[in-house]
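Down below is the structure, laid out as structure tokens.
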Amino acid sequence: MEPMIRVENLTHTYSAGTPFERNAVEGMNLTVMPGEFLGIIGHTGSGKSTLIQHLNGLLKPTSGHVYLEGRDIWENPKEIRQVRFQVGLVFQYPEYQLFEETVYKDIAFGPGNMGLEQEEIDRRVRQAAELVGLPEETLDKSPFDLSGGQKRRVAIAGVLAMEPKVLVLDEPTAGLDPQGRRQILGLIQEYHRRRNATVVLVSHSMEEIAQNAHRIAVLKNARNFMEGTPREVFARAAELEQAGLDVPQITRVAMALRRRGLPVDTAVYTVEELKDALLRLRGGAAHA
């Protein structure tokens, strides 16, 4: 199967030729398959935001390539705008980019730029609002009269209304309270399920990534440090910790139990998995 996105030997250099020259991404290779939910995690400065801004052509590689459905997105620079319609990027704190008089107009802004007929724009606005859980009566309100969580829903709906092939989200829960974080992650999961959409979620929270992603790419020092399913990645939890990277609380509990002599599988990353692992141990001890 052809990857939806393929990043090949990508390097991006900021301030090239000056004393401040640095590679924010260096020799990066990454694939995202159709319908996949990929999590990207790493410290501040690891290259996460720089990487994802290459996926829809907001940044141009210093060297290397980004392919969308097998085609180099910079093959014809005049068509890069079309790539941005196909790979929708939700920035961190996207509500700061709201500017229209009404919620409806804000959500309609992207589809309007695509040159669609008004009837199609209207369908997309209403469908996107429904997808993110915004009641119809919200559409006529000013986005600035809404709560922080609702504003973020409006901003996400504005990207969904373009019906991109890939949805990329940079720290979509930043600054929200626990309930707001759960709601935003829930709507992203629901969108992924309903549309079989390709989703790339960037987060500094290993808990969020562990509970939502099918596969995880761990970035460190501008490179792809580790990649695999959540279970494969957390099986290497000690390496993650040695590299100064976070692991889910449940994985840390399992590691602590193992250090105390219990042969617990440290690849667990949810409460249910740890409970099952401990019950298996108990059952094994009962039969010993």
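Residue-by-condition table, conditions (1) buried (at least 18 other Cβ atoms within 10 Å of the Cβ); (2) outside the structural domain of E163 (by TED's automatic domain parsing):
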position: A213; (1), (2): yes, no
position: K220; (1), (2): yes, no
position: A254; (1), (2): yes, yes
position: R260; (1), (2): no, yes
Please enumerate the residues belonging to region 222-234 that are buried (at least 18 other Cβ atoms within 10 Å of the Cβ) and within 21 Å of V271 (Cα to Cα).
P230, V233, F234
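Of the residues in region 50-81, how many are of a type in the set (V, I, T), within 18 Å of the chain's Cα centre (by Cα) and in a helix (DSSP H, G or I)?
In the first step, residues of region 50-81 are kept if they are of a type in the set (V, I, T); the result is 50, 52, 62, 66, 73, 80.
Narrowing further to those that are within 18 Å of the chain's Cα centre (by Cα): 50, 52, 66.
Then drop every residue that is not in a helix (DSSP H, G or I), which leaves 50, 52.
Here the count works out to 2.
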Being assigned by TED's automatic domain parsing to the domain that holds G57 and part of a loop (DSSP other than H, G, I, E, B) narrows F109, F85, F99 down to just F99
Filter region 140-177 down to residues that are at pLDDT 90 or above and in a helix (DSSP H, G or I), then give me how many there are.
15
Quick one: how many residues across region 188-226 are over 10 Å from I41 (Cβ atoms) and touching a Lys or Arg at 6+ places or on another chain (Cβ under 7 Å)?
1
Reported set for region 45-95 where residues are hydrophobic (A, V, I, L, M, F, W, C) and without any contact (Cβ under 8 Å) to a residue 40 or more places away in the chain is L58, I73, W74, I80, V83
Could you check G17 against (1) in a loop (DSSP other than H, G, I, E, B); (2) in contact with a Phe, Trp or Tyr (Cβ under 8 Å, 6 or more places away or on another chain) and say which number it fails?
(2)
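Yes or no, residue by residue, for (1) surrounded by 18 or more Cβ atoms within 10 Å (Cβ to Cβ); (2) under 20 Å from the mean Cα position of the chain (by Cα); (3) closer than 20 Å to L116 by Cβ; (4) not aromatic (F, W, Y):
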{"residue": "L131", "(1), (2), (3), (4)": "yes, yes, yes, yes"}
{"residue": "E136", "(1), (2), (3), (4)": "no, no, no, yes"}
{"residue": "S142", "(1), (2), (3), (4)": "no, no, no, yes"}
{"residue": "Q150", "(1), (2), (3), (4)": "yes, yes, no, yes"}
{"residue": "I156", "(1), (2), (3), (4)": "yes, yes, yes, yes"}
{"residue": "A161", "(1), (2), (3), (4)": "yes, yes, yes, yes"}
{"residue": "P164", "(1), (2), (3), (4)": "yes, yes, yes, yes"}
{"residue": "E171", "(1), (2), (3), (4)": "yes, yes, no, yes"}
Selection from region 262-288 of residues among the acidic types (D, E), under 16 Å from Q211 (Cα atoms) and either surrounded by 14 or more Cβ atoms within 10 Å (Cβ to Cβ) or in the same structural domain as I40 (by TED's automatic domain parsing) (or both) yields E273
Out of all the residues in region 27-47, is one or more surrounded by 20 or more Cβ atoms within 10 Å (Cβ to Cβ), within 12 Å of I5 (Cα to Cα) and of a type in the set (S, T, N, Q)?
no
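The values are calculated or read from the model by the stated rules, or taken from the named source; none is laboratory data. Predicted model only: the values in this text are computed from it and were never measured. Here the Cβ is made from the backbone with ideal geometry for all residues, glycine too, and neighbour counts use every protein chain on show.
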